[in-house]
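The values are calculated or read from the model by the stated rules, or taken from the named source; none is laboratory data. Computed from a predicted model, the values in this text were never measured in an experiment. Because the Cβ atoms are built from the backbone with ideal geometry, glycine has one as well, and the counts that use them run over all protein chains shown. What goes into the accessible areas is simple: the full protein's heavy atoms, side chains included, and nothing from ligands, DNA or RNA. Shrake-Rupley method; radii C 1.70, N 1.55, O 1.52, S 1.80 Å.
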Amino acid sequence: DSGVTQTPKHLITATGQRVTLRCSPRSGDLSVYWYQQSLDQGLQFLIQYYNGEERAKGNILERFSAQQFPDLHSELNLSSLELGDSALYFCASSVGEGGGYEQYFGPGTRLTVT
Amino acid sequence: GQNIDQPTEMTATEGAIVQINCTYQTSGFNGLFWYQQHAGEAPTFLSYNVLDGLEEKGRFSSFLSRSKGYSYLLLKELQMKDSASYLCAIYSGAGSYQLTFGKGTKLSVIP
């Protein structure tokens, strides 16, 4: 158990819909990262927050957005969903701001868009 | 930009030694991570190399050569539970906060 929690574990929704994925980092960690993992693309970095502020953006679509709240939990919002958005979405946390810190991954949310 | 190459799949025998290679091209380099990921599960941290050389941690060792853009993960005394994907990830630093992951090497350990 990494100490990072993600809800829900599974999500099935239809194209065009909007969903929210939630992540609580390990106690004491200030950075939260979001990743998308599909079979053919590997682990793709989406976005990072540190202590409530956005720090880095990766290959995140404009239909996706995220935020980190004062209690440090984070939410990833996915809208106008397409079939290709079906993937495993991981949240990770680390104590520091930069990428040189070990990241602890949550169990993931498996999103299926039908 | 960054480019990370790893073999897609490898097979090894229980009790043997296997070496998983990772080569990379990057405009900046601050360190290289190895993560293990069992199918359908979260990645877990194995090692982080910043300087050249070999770092040993139990049955797992990781090597880095920054001048060659090359790293490997060495797994000794393979066990069936080592069947997993092994992900190489680069931290380029230089104002970048993110990790860039390779596509991973799926290792199958057979009896």
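The rows are residues; the columns are (1) under 26 Å from B:PHE33 (Cβ atoms); (2) touching a residue at least 60 places away in the same chain (Cβ under 8 Å); (3) over 14 Å from the mean Cα position of the chain (by Cα).
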position	(1), (2), (3)
A:SER2	yes, yes, yes
A:CYS23	yes, yes, no
A:TRP34	yes, no, no
A:GLN68	yes, no, no
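If I filter the stretch A:75-83 for residues that are open to solvent by 50 Å² or more (accessible area, probe 1.4 Å), part of a strand (DSSP E or B), within 26 Å of B:LYS103 (Cβ to Cβ) and in contact with an Asp or Glu (Cβ under 7 Å, 6 or more places away or on another chain), do I get at least one hit? No: zero hits. Scanning the stretch A:42-56 for residues that are closer than 13 Å to A:SER93 by Cα, more than 8 Å from chain B (Cβ to nearest Cβ) and either part of a strand (DSSP E or B) or touching a Ser or Thr at 6+ places or on another chain (Cβ under 6 Å) (or both) returns A:ILE47, A:TYR49.
Here A:GLU62 qualifies as outside any strand (DSSP E or B), away from chain B (no Cβ under 14 Å) and either crowded, with 22+ Cβ neighbours inside 10 Å or of a type in the set (Asp, Glu) (or both). Of all the residues in the stretch B:39-64, those that are open to solvent by 50 Å² or more (accessible area, probe 1.4 Å), within 13 Å of the chain's Cα centre (by Cα) and closer than 23 Å to A:SER2 by Cβ number 4.
The rows are residues; the columns are (1) assigned to a strand (DSSP E or B); (2) aliphatic (A, V, I, L, M); (3) farther than 30 Å from A:TYR49 by Cα.
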| position | (1), (2), (3) |
| --- | --- |
| B:LEU64 | yes, yes, no |
| B:SER67 | no, no, yes |
| B:LYS81 | no, no, yes |
| B:LEU87 | yes, yes, no |
| B:VAL109 | yes, yes, yes |
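Only one of the numbered conditions (1) modelled with pLDDT of 95 or more; (2) over 22 Å from A:LEU43 (Cα atoms) is violated by B:LYS57, and that is (1). Evaluate the stretch B:76-85: report whether one residue or more is at pLDDT 95 or above and within 12 Å of chain A (Cβ to nearest Cβ). Within the stretch B:76-85, one or more residues are at pLDDT 95 or above and within 12 Å of chain A (Cβ to nearest Cβ).
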